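*Asks:* I am attaching a structure below and will ask some questions about it afterwards.
The values are calculated or read from the model by the stated rules, or taken from the named source; none is laboratory data. What you see is a predicted model, and the numbers here were worked out from it, not measured in a lab. We place every Cβ from the backbone using ideal geometry, glycine too, and count neighbours over all the protein chains shown. Accessible surface is based on the protein model in full, side chains and every heavy atom, while ligands, DNA and RNA are left aside. Shrake-Rupley method; radii C 1.70, N 1.55, O 1.52, S 1.80 Å.
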Amino acid sequence: MLTLRKSVQMNITKTDLPRVVIIGGGFAGISLAQKLLKLPVQTVLLDRHNYHTFQPLLYQVSTSGLEPDSIAYPLRKITRTNSGGYFRMADVNGIDPEINTIHSDIGDLTYDYLVIATGSKTNFFGNKSIEDNSIWMKTIPQALNIRSLILENLEQAVVTDNPEKRKSLLNFVLAGAGPTGVELSGAIAELRNNVVPKDYPDIDPDEMQIHLLEGLDRVLPPMSEQASKKAKEFLEELGVRVHLNTMVESYDGYVVKTNTDLELKSETFIWSAGVTGAPVKGLNASALVEKTNRYQVNVFNQVNDYENIFAIGDIALMQSREYPKGHPMVAQPAIQQGNHLAKNISRILKGKKMEPFDYYDKGTMATVGRNRAVVDLGKFKFGGFFAWYIWMFIHLWFLIGFRNRLVTFFNWVYNYVNYDKASRLIIRPFKGYKKVMETTQKQV
Ligand SMILES: Cc1cc2nc3c(=O)[nH]c(=O)nc-3n(C[C@H](O)[C@H](O)[C@H](O)COP(=O)(O)OP(=O)(O)OC[C@H]3O[C@@H](n4cnc5c(N)ncnc54)[C@H](O)[C@@H]3O)c2cc1C
């Protein structure tokens, strides 16, 4: 009886096949799972959501350009193709490497090999006032919070007779001019330029201000100087006010204070200034690099001190001469590490030695509203319409699922032709709904 209970956990029967448990159905986790399903292993994919999120297009959900289900993909659709594969919706809260077991809100599960692919979370750098009062975008519910907040503030601005309140409702402030801040502020500017004049005749679009604050001396710091310069030009053409060398010091829900004499009254303050790893408790201290919250891994993605525990994607810190700070926390290293680890697990099963991971940098890009994007592709750096065209093609290509590609493509064509953003709906209000905030804004 006891044996039976032990061998069936999370309603998954332990077979003779080695069990590989993957925590996280992001880019890294699903790339690995898709490959493992073809190998003689029992693959168990765990995630706290029952869907994969295509994070690069979250900003389009926030700004009413796309419906959330265009950028989400059911994780069960990945595991169902093979009887050796399982998905369980579980929030993993601990690892006990001594007994090869993970702990979660739906129970424990033993593993032969564990792969941690939990990605990253928003980094507030310890600033409590920002964490308590700002809004940010890492998940679909959070993107929907931003969408609701923007639209609710516009609705409220129309009816308020207090000029100071109106100004604060129409001031949109973003901190951090990395790809997320740049893309989001560009899309809010498009909303202001194309939708507000038609939908809100009581609001003069010039009243609606968009401020992008960046602590460094250029936007898009991870990209080339050329891309930064071009992106700043594009943002300013769209009417975004870019403030460089400006660090946010606090936000109390009403006023954004900075390290310069710039102070902005705003009821929408979006924090897009950085991420940090999202580790799970339980491994030795030497496994985690505290400064970045990422697991230290070797060239095989094996976590420091452990033979059968691997980390891939944003959560993995693989340092090399070329990447002394680890790989950039973007989709490509995650996808490539997932694919590569599947090959290495196959090699382990055949009694062969693992092969080291070698990252192939396919370039970086960011879009700034319609017709404008910047691309760094090795020696080739360019911006404008052609870059935007490439940006669209690549994002469509990497979206998971044929339906998602089709719906997104249709929406983009519709938005492009009509200068419209069709999903400007307050389905689930954000303001005043403390409960919603507690459940969807908390760091998960
Ligand atoms: C707004 C935004 C825009 C971006 N734009 C781009 C871009 O344009 N190009 C680009 O290349 N990259 C972009 N990125 C970065 C890119 O999305 C990440 O690098 C990539 O998602 C990392 O993949 P991952 O699999 O490591 O983690 P993720 O994709 O974050 O997946 C982690 C998964 O683990 C799950 N999880 C975490 N902890 C637990 C737990 N304890 N229990 C259960 N499940 C858990 C999460 O629910 C999630 O599904 C962007 C990121 C954001 C937030």
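*Asks:* State whether one or more residues within region 71-84 are more than 15 Å from the ligand (Cβ to nearest atom), at pLDDT 95 or above and open to solvent by 40 Å² or more (accessible area, probe 1.4 Å).
*Replies:* No: region 71-84 contains no residue that is more than 15 Å from the ligand (Cβ to nearest atom), at pLDDT 95 or above and open to solvent by 40 Å² or more (accessible area, probe 1.4 Å).
*Asks:* Return the pairs, sorted by first residue and then second, in which the second residue is crowded, with 19+ Cβ neighbours inside 10 Å and in a loop (DSSP other than H, G, I, E, B), the first residue lies in region 32-46 and is in contact (Cβ under 8 Å) with a residue 40 or more places away in the chain and among the hydrophobic types (A, V, I, L, M, F, W, C), the beta carbons are less than 6 Å apart, and the residues are 6+ apart or on different chains.
*Replies:* The qualifying pairs are LEU45/GLY25; LEU46/ALA90.
*Asks:* Kindly list, by first and then second residue, each pair from a residue in region 193-211 that is closer than 17 Å to GLY369 by Cβ to a residue that is at pLDDT 95 or above and open to solvent by 70 Å² or more (accessible area, probe 1.4 Å), limited to pairs with Cβ atoms under 7 Å and residues at least 6 apart or on different chains.
*Replies:* Pairs found: GLN209/ARG241; ILE210/ARG241; HIS211/ARG241.
*Asks:* Across region 16-52, which residue is surrounded by the most Cβ atoms within 10 Å (Cβ to Cβ) among those that are more than 6 Å from the ligand (Cβ to nearest atom) and part of a helix (DSSP H, G or I)? So that I can check it myself, show each step before the final result.
*Replies:* Start the filter on region 16-52 by keeping residues that are more than 6 Å from the ligand (Cβ to nearest atom), which leaves 16-22, 30-45, 50-52.
Of the ones still in play, those that are also part of a helix (DSSP H, G or I) are 30-36.
On the way: ILE30: 24, SER31: 23, LEU32: 31, ALA33: 27, GLN34: 20, LYS35: 18, LEU36: 27.
Out of the qualifying residues, it is LEU32.
*Asks:* Ok, one more. Counting only residues that are open to solvent by less than 90 Å² (accessible area, probe 1.4 Å) and touching a residue at least 12 places away in the same chain (Cβ under 8 Å), how many does region 229-244 have?
*Replies:* Qualifying residue count, region 229-244: 11.
*Asks:* Moving on. Suppose we filter PHE357, PHE300 for residues that are part of a loop (DSSP other than H, G, I, E, B), away from the ligand (no atom under 12 Å from the Cβ), at pLDDT 95 or above and crowded, with 23+ Cβ neighbours inside 10 Å; which single one remains?
*Replies:* Matching residue, one of PHE357, PHE300: PHE357.
*Asks:* If you don't mind, there's one more thing I want to ask. I'd like the full set of residues that are more than 14 Å from the ligand (Cβ to nearest atom) and among the polar types (S, T, N, Q), limited to region 306-345.
*Replies:* Result: ASN308, GLN319, SER320, ASN344.
*Asks:* Between residues in region 107-122 that are among the basic types (Lys, Arg) and residues that are within 12 Å of the ligand (Cβ to nearest atom) and open to solvent by 40 Å² or more (accessible area, probe 1.4 Å), which pairs lie under 7 Å by C-beta distance while being six or more apart or on different chains?
*Replies:* LYS121/VAL275; LYS121/GLN443
*Asks:* Something else now. Looking at (1) within 19 Å of the chain's Cα centre (by Cα); (2) away from the ligand (no atom under 14 Å from the Cβ); (3) without any contact (Cβ under 8 Å) to a residue 40 or more places away in the chain, which is the one condition that is false for GLU67?
*Replies:* With (1) within 19 Å of the chain's Cα centre (by Cα); (2) away from the ligand (no atom under 14 Å from the Cβ); (3) without any contact (Cβ under 8 Å) to a residue 40 or more places away in the chain applied to GLU67, the lone miss is (3).
*Asks:* In addition: Could you tell me which numbered condition VAL368 fails, if it satisfies all but one of (1) over 19 Å from HIS52 (Cα atoms); (2) hydrophobic (A, V, I, L, M, F, W, C); (3) surrounded by fewer than 16 Cβ atoms within 10 Å (Cβ to Cβ)?
*Replies:* Tallying (1) over 19 Å from HIS52 (Cα atoms); (2) hydrophobic (A, V, I, L, M, F, W, C); (3) surrounded by fewer than 16 Cβ atoms within 10 Å (Cβ to Cβ), VAL368 fails exactly one: (3).
*Asks:* Looking at LYS362, LYS379 in this structure, which one is more than 28 Å from ILE99 (Cβ to Cβ), open to solvent by 60 Å² or more (accessible area, probe 1.4 Å) and within 12 Å of the ligand (Cβ to nearest atom)?
*Replies:* Unique residue meeting the criteria: LYS362.
*Asks:* Check region 150-166 and report whether any residue there is among the basic types (Lys, Arg) and open to solvent by 30 Å² or more (accessible area, probe 1.4 Å).
*Replies:* yes
*Asks:* Then there's this: List the residue pairs whose Cβ atoms are under 6 Å apart, where the first residue sits in region 125-149 and is surrounded by 20 or more Cβ atoms within 10 Å (Cβ to Cβ), the second is of a type in the set (Phe, Trp, Tyr) and at pLDDT 95 or above, and the two are 6 or more positions apart or on different chains.
*Replies:* ILE130/PHE124; ILE130/TYR251; ILE130/TRP271; SER134/TYR251; SER134/PHE269; SER134/TRP271; TRP136/TRP271
*Asks:* Continuing with this model, one more query. Going by what's in this entry, would GLU183 be described as crowded, with 24+ Cβ neighbours inside 10 Å and either within 16 Å of the ligand (Cβ to nearest atom) or farther than 30 Å from SER104 by Cα (or both)?
*Replies:* yes
*Asks:* What do you reckon, is PHE393 open to solvent by 50 Å² or more (accessible area, probe 1.4 Å), closer than 28 Å to LEU154 by Cβ, modelled with pLDDT of 90 or more and assigned to a helix (DSSP H, G or I)? Give the derivation first.
*Replies:* Details: open to solvent by 50 Å² or more (accessible area, probe 1.4 Å): yes; closer than 28 Å to LEU154 by Cβ: no; modelled with pLDDT of 90 or more: yes; assigned to a helix (DSSP H, G or I): yes.
No, not satisfied.
*Asks:* What are the residues in region 258-273 that are within 15 Å of GLU164 (Cβ to Cβ), charged (D, E, K, R) and part of a loop (DSSP other than H, G, I, E, B), if any?
*Replies:* Within region 258-273, just GLU267 meets the criteria.
*Asks:* Consider only pairs whose beta carbons are under 7 Å apart and that are at least six residues apart or on different chains; among these, list those whose first residue lies in region 358-386 and is more than 13 Å from SER228 (Cβ to Cβ) and whose second residue is of a type in the set (Asp, Glu) and open to solvent by 30 Å² or more (accessible area, probe 1.4 Å).
*Replies:* Going by the 7 Å Cβ cut-off, there are no qualifying pairs.
*Asks:* Shifting gears a bit: Would you confirm whether or not region 119-135 contains a residue that is within 14 Å of the ligand (Cβ to nearest atom), under 20 Å from the mean Cα position of the chain (by Cα) and of a type in the set (Val, Ile, Thr)?
*Replies:* To start, the set of residues in region 119-135 that are within 14 Å of the ligand (Cβ to nearest atom) comprises 119-123, 135.
Right, trim to under 20 Å from the mean Cα position of the chain (by Cα) and you get 119-123, 135.
Still in the list and also of a type in the set (Val, Ile, Thr): 122, 135.
Yes - at least one qualifying residue is present in region 119-135.
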